[in-house]
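Comments concern the structure below.
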Amino acid sequence: MGTPGKEPIVIIDDDKSICKTLKLHFERNGYDVTISHLAKEGIAALRALRSAIVILDIKLPDANGVELLKDIRTYGENYYSIIITAFPDMESTVKAVQNGVGEYIYKPIDIQELDDAVAKGNDFLLKVESRDIPYIPIPKLETAGNHFIGKSQIMKEVFKTVGLVSMSKTTVHITGESGTGKELIAKAIHHNSPDGNEPCVSVNCSAIVETLLESELFGHEKGAFTGAINRKEGKFSLARNGTIFLDEIGEMDINVQAKLLRVLQEREFEMVGGKEKLKANCRVISATNRDLKQMVKDGHFREDLFYRLNVVSIYLPPLRERKVDIPEFALYFTAKTCKEISKDIQYISQEAIDFLMEQSWTGNVRQLENVITNAVIMSRNNRLSKEDFTAILKPEEFVQPVESHSWQETDSQQALPHEGGNKPRSLQDVEKEQIRITLSYTKWHKGKACEILGITRPRLERKIHKYGLKPLKLYFEK
Ligand SMILES: Nc1ncnc2c1ncn2[C@@H]1O[C@H](COP(=O)(O)OP(=O)(O)OP(=O)(O)O)[C@@H](O)[C@H]1O
Ligand SMILES: [Mg+2]
């Protein structure tokens, strides 16, 4: 173990005697020292450390030290490199500086010079740590399987409803934008039901050709139509006493809607081409990201079916309306991906989390999960920083205006920042715009805006003052 206040040292040099001498020397001075004679091993040792001073030779059997510097720098600011070389030349010195070297020392080594360089590196790293944008530790995931994330008021209500409806066999309808977790909720209802160990069968109504959906749901007798070579059980039978999950129900053909209505009313159905009445004992959960009410008005969805499906309805709000949940999502998805790909990321910076909270996540939880998975895979460090995310989310994807008609109608000329749409903008502009949009969206309900933005009330007040934001009066208002 090293001494507190002394960063670990990693020495990468193929000269074994130099390594040995330096190890002894620095250990005597209280440093924790790892040596390796190959770049590959050295880098692995480095990556296992939260921060370190790297003493690096240029001519290594498996790499060039100057090139290696570039990689090390991308791992983060928490590594300080010192090159030691017997072959000084201007070109590699210049390159080393460009690649972020801390010090450049010629062999034979003047130990005083190296001591100074190490002390300088140590100071540098301690400073990096202390001024540190706070880092938050990533928890370890103990149990496998899906976890439910959500501390926001709105999600707590959802979880309560899930608890209540799972006790009975009520029909449930789940709505929400794409990626808000509808399928996950459907499965949770099923698993928490008394019949949770019966099958849960999903049917994606949009993925199946209209003509086949009916036989998919109810099955068909042999020879019922061309291609029906054998008798086939439908999903309603396969679900037995469990659950049938009708995903994207808004895409269901109007003829099949009529048949589904009958099943919900009479709890009976027939196979395509069959006469026998079969019992439907399963629970029905449906989901859609479309506005079914509107579809009913437009005559694309049966009103009676709509009410049959909506015995209990659960609405999953878009992620941008529950931004307080983002930190927990960030920790969870990082831990989950680490477990899946056996990677060890220990921290995420507060700054990174703030950045994630600023985004509008039009693809909701799914998009957030994808971005985090990507960042974890790409990370060359044991900690995730804001840069890991800005590299993935392209500038034009940053903070898009909230897509919701409610604010566009009432507040259009203020809320539409469209000239220059996707041009890179300063963070301040983006922040101002996001706050303005959120306030319009909540009709200046500041408490709600705070919850969406994930900031405190005093902070919101300061920002409103700073950016001179005011509620917009419409022209026709006096
Ligand atoms: N509250 C949550 N906690 C943990 N993970 C979640 C949560 N909500 C969503 N997810 C994850 O986000 C991803 C998208 O969720 P899901 O597939 O359920 O969305 P969906 O609403 O069905 O989307 P679509 O309408 O596009 O089918 C999944 O990987 C899911 O596990
Ligand atoms: Mg889905």
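What relative contact order, as a whole-number percentage, does the stretch 153-318 give when Cα pairs under 8 Å and 6 or more residues apart are counted?
34 percent
Of Lys222/Lys259; Lys20/Lys59; Lys443/Lys466; Lys169/Lys279; Lys6/Lys339; Lys160/Lys323, which pairs sit farther than 24 Å apart, going by alpha carbon to alpha carbon?
Over 24 Å apart, Cα to Cα: Lys6/Lys339.
Enumerate the residues in the stretch 278-310 having an amide nitrogen under 20 Å from the point lying 7 Å beyond the Cα of Ser168 toward its Cβ.
In the stretch 278-310, the label zone of Ser168 (backbone N under 20 Å from the point 7 Å along Cα→Cβ) covers 280-287, 305-310.
Rounded if a/c is under 1.5, else prolate if a/b is larger than b/c, else oblate: which is the stretch 3-44, with a ≥ b ≥ c the root eigenvalues of its Cα gyration tensor?
Working: a/c = 4.29, a/b = 1.44, b/c = 2.97.
Judged from the Cα gyration tensor, the stretch 3-44 comes out oblate (a/c at least 1.5, b/c at or above a/b).
How large is log10 I(q)/I(0) at q = 0.14, 0.17, 0.18, 0.21 Å⁻¹ when the Debye formula is applied to the Cα atoms of the stretch 153-222, each weighted equally and without solvent?
-0.56, -0.77, -0.83, -1.00
Can you order the peptides 359-372, 89-102 by their average number of other Cβ atoms within 10 Å per residue, highest first?
Values: 359-372: 20.1, 89-102: 15.2.
For the peptides 359-372, 89-102, the packing ranking is 359-372, 89-102.
Using the crude model of +1 on Lys and Arg Cβ and -1 on Asp and Glu Cβ, and no other charge, please compute the dipole size for the chain relative to its Cα centre, in debye to 20.
1620 debye
If Lys and Arg each add +1 and Asp and Glu each add -1, what is the summed charge of the other residues whose beta carbon sits under 12 Å from the beta carbon of Val118?
Summing Lys and Arg as +1 and Asp and Glu as -1 gives -4.
Return the ratio Rg/(2.2 N^0.38 Å) for the chain, where Rg is computed over Cα atoms only.
On the way: Rg = 30.1 Å, N = 478, 2.2 N^0.38 = 22.9 Å.
For the chain, the normalised Cα radius of gyration comes out at 1.31.
Which whole-number percentage describes the relative contact order of the chain, with Cα contacts under 8 Å and a sequence gap of 6 or more? Before the final figure, lay out the partial values.
Values: 761 pairs, mean separation 59.9, N = 478.
Contact order relative to length: 13 percent.
Based on the Cβ-Cβ distance of Glu303 and Lys156, what FRET efficiency does E = 1/(1 + (r/R0)^6) give at R0 = 25 Å, to the nearest 0.05?
Numbers: r = 32 Å, r/R0 = 1.28.
Once rounded, the FRET efficiency stands at 0.20.
For the chain, what is the mean residue ellipticity at 222 nm derived from helices alone (per DSSP H run of n ≥ 4: -39500 (n - 2.57); sum divided by total residues; nearest 500 deg cm²/dmol)?
Roughly -13500 deg cm²/dmol at 222 nm, from the helical runs in the chain.
Is the C-alpha gyration tensor of the stretch 9-132 telling us rounded, prolate or oblate? Criteria: a/c under 1.5 is rounded; beyond that, a/b larger than b/c is prolate, otherwise oblate.
Here the stretch 9-132 falls in the rounded category.
Find which of Val376, Leu60, Asn255 sits farthest along the positive direction of the dipole of the chain, computed with +1 on the beta-carbon of Lys and Arg, -1 on that of Asp and Glu, about the Cα centre.
The residue sitting farthest along the positive end of the dipole is Asn255.
Using the beta-carbon distance between Gln350 and Glu266 and R0 = 60 Å, what value does 1/(1 + (r/R0)^6) give for FRET efficiency, to the nearest 0.05?
That pair, Gln350 with Glu266, gives E of 0.60.
Please give the FRET efficiency for Ser202 paired with Tyr315, using the beta carbon to beta carbon distance and R0 = 22 Å, rounded to the nearest 0.05. Present the calculation step by step, with values, prior to reporting the outcome.
Working: r = 20 Å, r/R0 = 0.92.
Step by step, r from the Cβ atoms, then E = 0.60.
In terms of the Cα gyration tensor, with a ≥ b ≥ c the square roots of its eigenvalues, is the stretch 242-337 rounded because a/c is under 1.5, prolate because a/b exceeds b/c, or oblate?
On the way: a/c = 3.10, a/b = 1.84, b/c = 1.69.
Prolate, since a/c reaches 1.5 and a/b exceeds b/c.
Read the figures in this text as sums done on the coordinates, not as results from a lab. What you see is a predicted model; the values in this text were computed from it and never measured. Neighbour counts are summed over all protein chains in view; Cβ atoms, including those assigned to glycine, are modelled from backbone coordinates with ideal geometry.
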